[in-house]
Each structure stands twice: as structure tokens, then as C-alpha cells.
Amino acid sequence: MEVGEPIPTSWEIAPGADALTLEDPLARKKPLSEWTEDSLVLGIETSCDETSAAVVKGGREILSNVIVSQGELHGEYGGIVPEIAARQHVEALTPVIREALFRADVTFWDLDGVAATLGPGLIGSLLVGVAEGKSIAAVLDIPFVGVNHLEGHVYSNLLAHKDAEFPAVCLIISGGHTLLVHALGHGDYEVLGSTIDDAAGEAFDKVARFLGLDYPGGPEIDRLSLLGDGNAIRFPRAMVDEPGFDVSYSGLKTAVINYVRNAQSRGEQVSVEDVAASFQQAVVDIQVTKTMAAALHAGVDRVFLCGGVAANSGLRQGLAEACESRMLKLFVPPMELCTDNAAMIAACGTAMFKRGLRHDLDASPDPNLSLA
């Protein structure tokens, strides 16, 4: 669903969908202490430019997951405009929540808890989701929890794969973050490595913009890479042979720009497809090498790939081949759970509720919230 496209209004004719006008809710509300496989959590995700609401049952079953994307709107500017993103969340969030309830065939009064993204992300966008989540929880007198967006991505695999379990090494890779995390259990994380400059998704977008491709750049690079030769140009793999699990993409981005400019100055024809494929192959080589080293270091036999860049075909294939050769089990979420979505927030929130975690209604979003 894109901004400008009418949000479905099926909730308007759904019997009982407007639960706030129904009979006394206290007669239907479940005890807050009973968290079972039937417990329902409303998830809200507004960390960046997707407005999403979802209802998840028992932390593992998606009953609904509604997402409104602002991608086309921000594409006019070549990147996300924070103020515009926040305003669009204000317009879209309430209808998206009502639609999520309708698709799940539940009312507000059936909910056992509310989970909203607390950070990291754009502060204006986060404020919208957190404020609405706390308001719903206050009116219904049910618990509220603020979820770390990065932790939410980890739970996308728990939603998609019933056999996905901890411990695991998680590669969280997106436009704003690139992390290697040892997930020992629910809420128990050790950050093994991260990017020291650009995130992988950020590098994709910057290279795509330089090549004149549409925003967002990641899918465009991926599409062109299928038409090019990933071995045509040997771009650098920074830090790949160094100890530790940190990565760097600033130098790779600069190398791509210098290669194209130098070729053009010599009057040579530049194959955009080969540049895209060779750049993507470099990213894949770096991340696969570091992820395999992290799995060996942590002594785990499971690898989780998650985040927006998890949709990249080259990375999915490269990790699959590397894990197979090392007899590691790779878990990758379906495309609809790679990008920002509320189902993963609801799933993570459910796990937090089960551990007895709650946030007070004066909780504030944190745009720089860390995972560990």
C-alpha cells in the first residue's frame, strides 16, 4: 500500500469493529497476568517511513499485518524527509490500526497488550506510534511496552519459522543499521560487530543515487546485478581479513564512484549492470565472511538474516551457500517481513510481556536506542 492510495475502509462496515462504542469492555477483558498461546498483542511500527499495525497471537501467529509505505512519496526527494514522514504517520496510523483489527477479526477489547517501536528511528515518526500505542493501552487498561526496532527484526524469523530458536547469530542489515549479534535468548544479546561508518543499506542507496537509479536504491542495485557480472570489477573488501566482526562501507562506496568517474574521464563505456553487480558482490563477500566468522566464534549452529537488506537476492544466496557448506541452519524471513512491519514488533512485545516487562505511560521514544 502506498501513500495516496486509499486505505481500505472495510472496518467501517464490520460488526463490532468500532469497539469503543460497544458494551462495557471490562466484562470481556482478560486477566493481565495470563499470557498464553491465545494472547493477542497489537503491534505498532512507525520508526521511519512505513506505517504499520498488526495483531499477533501468542507471539508466533500473525492474524493481520497492515503496512502503508511512503516510498513513492519520498522517492521524489531521493531520500526520506523526516517531517513529511511524521505527518504521513499521523494521517495513516489510526485507519491502519482499525484495518488491522478488522483483518484479524478482533476488537480493541480482545487485546491483551500493545507494543510500539520505541527506537531507534526518526524521532518525529517514533513519537506518533508511541503516543497512539500508549493512548490505546491507557483507554483499555492493558499493558504497554516499547520495543527496540532492531530486536523486532530478529523476531521476524521467529514469526516465519516455527523451528527458529535461540541461540543464534543474527545479521541485522538495513538502511540504517548493520549489526552482527549473538542472540543467546529472549532479550539476551551480545553485539559482536557493526559498521564503523555507512550501513550496508545506506551504501546501496548512495551508490544507486550516484548511478542515477531510482530511490530506494537497494532493490534497483539488486535488479541490475542480475543483468551484470559480479566479477567484472574487483572493488575492495575493507576489513574482511581483519580480526573482529566490524565492517566498513564508506571506502567501497568511494571506490565505486572513483571507478566510474575515472572510466568516464578516459572516454570508456561504463556498464551500469557490471558496476551494480560488482558492488553488490563486494557487499555480499564482506557480510558472508564476517557472519560465518561470528557463528564460529559464538559456537552456534543457527544464523538469522533480517532487516530490509535481507531481501537482497545476492545476500540471501551467498549466506545460504556458506551456511550449507558449514552445516549451519539459515533462517531468512519472507519478503513482507524483511522491511519494517508491526508484526515483528508485536511478536517481540509478546516475548517481553511474558518476561514481565512493561513500560510506564510516560515512556519516551529514543531515536538512538541501542540493542545491548
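Every read-out reported here was derived from the displayed coordinates using simple, explicitly stated rules and does not represent laboratory data. For clarity, every value in this text was computed on a predicted model and none was experimentally measured. Cβ coordinates were reconstructed from backbone atoms using ideal geometry, including for glycine residues, and neighbour counts include every protein chain displayed.
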_Show me, for the range 47-52, the HN-Hα J-couplings you get by feeding each phi into the Karplus relation (A = 6.51, B = -1.76, C = 1.60, θ = phi - 60°), rounded to Hz, glycine and proline as x._
6, 9, 10, 10, 9, 9
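Sort 47-56, 328-337 by the packing proxy (mean of other Cβ within 10 Å over each peptide's residues), most packed first.
Numbers: 47-56: 28.8, 328-337: 18.4.
So the peptides 47-56, 328-337, ranked by packing, come out 47-56, 328-337.
Over all directions, the average projected area of the alpha-carbon convex hull for the chain comes to how many nm²?
Working: hull surface 74.0 nm².
Result: a mean projected hull area of 18.5 nm².
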*Once phi is turned into θ = phi - 60°, what whole-Hz ³J(HN,Hα) does the Karplus curve with 6.51, -1.76 and 1.60 give for every residue of the range 345-350, x standing for Gly and Pro?*
5, 5, 5, 5, x, 4
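Rounded to the nearest 0.05, what FRET efficiency do ILE196 and ARG326 have when you use their Cβ-Cβ distance and R0 = 22 Å? Write down the numbers at each step before the final one.
Values: r = 26 Å, r/R0 = 1.18.
Computed FRET efficiency for ILE196 and ARG326 comes out at 0.25.
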*Give LYS57/LYS134; LYS57/LYS290; LYS253/LYS290; LYS162/LYS354; LYS162/LYS253; LYS134/LYS206 a once-over and call out the pairs whose C-alpha atoms are over 27 Å from each other.*
LYS57/LYS290; LYS162/LYS253; LYS134/LYS206
*Using only Cα atoms, tell me the angle between helix 250-265 and the longest principal axis of the chain; keep it within 0 to 90° and round to the nearest 10.*
50 degrees
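Give the residue list of GluC sites (Glu not before Pro) in the range 190-291 that are DSSP loop and have at most 14 other beta-carbon atoms within 10 angstrom.
Numbers: sites: GLU190, GLU202, GLU220, GLU268, GLU273; in loops: GLU268.
Answer in residue order: GLU268.
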*So how tilted is helix 123-140 from the main axis of the chain? Cα-based, degrees 0 to 90, rounded to 10.*
20 degrees
*Can you list which of the trypsin sites (Lys or Arg not before Pro) found in the range 206-236 are DSSP loop residues with at most 12 other C-beta atoms within 10 Å?*
ARG234
*Relative to the longest principal axis of the chain, what angle (0 to 90°, nearest 10) does the C-alpha long axis of helix 200-210 take?*
60 degrees
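Please identify the GluC sites (Glu not before Pro) of the range 54-127 that satisfy two criteria: DSSP loop assignment and at most 14 other Cβ atoms within 10 Å. Which are they? List each step's numbers first, then the result.
Details: sites: GLU61, GLU72, GLU76, GLU83, GLU91, GLU99; in loops: GLU76.
Qualifying residues, ordered by number: GLU76.
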*Which of the peptides 167-173, 151-157, 290-296, 340-346 is most tightly packed, and how do the rest follow, judged by the mean count of other Cβ atoms within 10 Å per residue?*
340-346, 151-157, 167-173, 290-296
*Quick one: which residues, 5+ away or cross-chain, put their amide H under 5 Å from the amide H of SER64? H built at 1.01 Å from N.*
VAL55
_What whole-number distance in Å separates the alpha-carbon centres of the range 205-281 and the range 304-368?_
26 Å
*Computed on alpha carbon atoms, what radius of gyration and Dmax characterise the range 114-224, expressed in Å?*
17.0, 52
*How far apart, in nm, are the 7 Å Cα→Cβ label points at LYS162 and ASP301?*
2.1 nm
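By how many nm would the segment from VAL272 to ARG358 lengthen if fully extended, with 0.36 nm per residue of separation less the alpha-carbon distance? Write out the running numbers ahead of the final one.
On the way: separation 86, 0.36 × 86 = 30.96 nm, distance 5.02 nm.
That pair, VAL272 and ARG358, stretches by 25.9 nm at full extension.
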*From a point 7 Å beyond the Cα of LEU226 in the direction of its Cβ, which residues of the range 303-318 have a backbone N at a distance under 14 Å?*
311-317
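Within a Cβ distance under 15 Å of LEU227, other residues only, what is the Lys/Arg minus Asp/Glu net charge? Write down the numbers at each step before the final one.
On the way: positive: ARG223; negative: GLU220, ASP222, ASP229, GLU273, ASP274.
Around LEU227, the surrounding residues sum to -4.
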